[in-house]
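The values are calculated or read from the model by the stated rules, or taken from the named source; none is laboratory data. In this text the structure is predicted, and so the values were computed from the model without any measurement. Positions of Cβ are generated from backbone atoms using ideal geometry, with glycine treated the same way; all protein chains shown enter the neighbour counts. The area values use the complete protein model at the heavy-atom level, side chains included, leaving out ligands, DNA and RNA. Shrake-Rupley method; radii C 1.70, N 1.55, O 1.52, S 1.80 Å.
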Amino acid sequence: MKRRIPLRKRLLVRLLFVSALIAVCSVAATAWLAVTTTTSALKEEQGQDIAADNSILARLSGYAATHPDWSDVRRTVRDLAHQTGRRIALTSADRSLVADSAPGGTPLPPRPAATVDPLRTDTYTETGAQLSGIDPRAVGPYRVTAEERDRLDALAAKRRACYERFGVEATVVRTPSGRPVLDSPDGVDISYANQSCEDWQPDITTPTEKRAMTDLAALIRPCLKKAGIELGPLYLTLDPSGKDPLGAGYLFKKYAKTRTVKTATQAEQRCVLSARRTQLEPYVAPVAELFLGIGDQNPSRFDMSAANKAKVIGAAGLVLAVTFAVTAVVAVRLVRPLRALTAAAQQPPELHVRVPVTTRDETGILAEAFNGLAERRERLEVQRKAMVSDIAHELRSPLTNIRGWLEVVRDGVVAPDPALLASLHEESLVLQRIIDDLQDLAAADAGTLRLHREPLPAGDLLGQVTAAHRVAADAAGVALRAEADDTAWLEADPVRMRQALGNLVSNALRHTPADGMVTLTARRDGEEVVLTVADTGTGIAPEDLPHVFDRFWRAEKSRSRRTGGSGLGLPIVRHLVAAHGGTAEAASEPGQGAVFTLRLPAVAPPAEA
């Protein structure tokens, strides 16, 4: 019976558990690394992307602020795409393509990333955060001429030299309009220097700027009037630094009698902003849509830091260490019994070494099977030695008789009369029968036993065997009869089947007392034909029943010729039946006789075929 292994003890389940444990450790380590190393990298990447996108938008807004159209923007787009690794495309408000860094025919991203409008922007530019909504680089009519710039540069140089005499290190910064501006360090008090250096004023309004301010005032008045604001003369000042949050300067109300100066209200400031956009519109490029995508260059966005690399290496080393440790423990437990099996298998056969069974898994069952094999080998060795002894005994008896009588005849003690010759002939027949039986067993063991099969009715087979043993049965005073089913047909070698049934009948007659009976029957049982030989003899003891088909085994231990044969008849029966694809069984109760049953494959009678 096949032994059932508990599920938790099976090698497959244990190996799957170990693999799952290693996989869980690997997944956990990977997840931890992904969280700890990728989060910061993604934040850095997002920051870089936002900075790059803002830089692209600022550059294009600056271009639009300093050019009246987009005719020459293609080179700028290509340069920005090369620097940032992004795809950059510009379209007009109606989605007509203006410039694209991707090859022609490449579809645009589904949505624009931003709108490029220098008159309505809050992007971060080189001059700072533009809060007024107008790019500081959009100067239009406020750009000073070359002559005015030279004059302002000279004033700025003199004022800077004056500052230096008071220990103030000022620098000259040029605004988008071309005006120079002095920039002093933060936290330094320059009020005294300003009073002493007021003779040089580089922030005076130039004629160009005055004309632009006058035009702006003319654009502001209709807006103020529409808003219901009545003003006298308008005086606009321009912040020379270009950092005016309104982008146009401060609006003042001047009253003729009181000469009071008052800061503009929010409504007035909105009019100034609207007028400035109207004034600058002819000098800037039209509104465009900006599309951003992944570039073809696919540049590296970020490099893993040394700390993250150390984490990756450490986690990988830990996972490998755990993997090696778990694998080593499992491998040692699995290999230990296999090594014991190997050592036991390498021992000489005569030692019959047993392997201790320490587990209940497949390896433990293999160890039990090995021990069973060793026990069977030991039993076979005992049987082999016994068989050699039995063969020697069986051959020695007739040979001794033949030799003894021949020596007596040779010495002239006994004359070679017919009775003596008949006795010698009988002994030679016994010797020949033993040799033939051994030869049949050897052929059956080697698989070279030849069979000449033919359709055969079981009734005819039983009749032939009964007729052949009728004389012996009458001499022993035993009744011999046969019963057969007409539907019992088999395909068999008739000679070999008569030999098998003859051995069973001879054995039954030998162990059945006078006035007993030996019965042969044949019947059809489904797909099989069942042949039985039953006797009313002394029967077989229960402890002897498992050995009746062993070679040279005889219930009568004295091995007398009078009570038993050679001990090869029943083994030959079993081999002949097995060669026909059948089985042989024995059943007996002491004192009630024995029943030998042969089961062979059945065939349909010729009339039914």
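Using the 1.4 Å probe convention, the accessible area of segment 499-552 works out to 43 Å² per residue with neighbouring protein chains retained.
In the assembled protein chains, residue 150 presents an accessible area of approximately 100 Å² (probe radius 1.4 Å). Residue-wise HN-Hα couplings along segment 137-148, as the Karplus relation 6.51 cos²θ - 1.76 cosθ + 1.60 with θ = phi - 60° gives them from phi, are 7, 7, 9, x, x, 8, 5, 6, 7, 4, 5, 5 Hz; Gly and Pro carry x. Think of each Lys and Arg Cβ as +1 and each Asp and Glu Cβ as -1; about the Cα centre, that makes the dipole of segment 67-119 roughly 260 debye.
The calculated FRET efficiency for residue 411 paired with residue 376, based on their beta-carbon distance and R0 = 45 Å, is about 0.30. Figure note: 405, 70, 32 ranked by solvent-accessible area, largest first, 1.4 Å probe, ligands and nucleic acids not counted: 32, 405, 70. All other residues whose Cβ lies under 9 angstrom from that of residue 227 are scored, Lys and Arg at +1 and Asp and Glu at -1, for a net of +2.
Neighbours of residue 452, meaning other residues whose beta-carbon lies under 12 angstrom from its beta-carbon, give a summed charge of 0 when Lys and Arg score +1 and Asp and Glu score -1. Annotation: amide H-H contacts under 5 Å for residue 236 (H modelled 1.01 Å from N, sequence separation of 5 or more, or interchain): none. Extension gain for the segment residue 294 to residue 450, taken as residue separation times 0.36 nm less the Cα-Cα distance, is 47.8 nm to one decimal.
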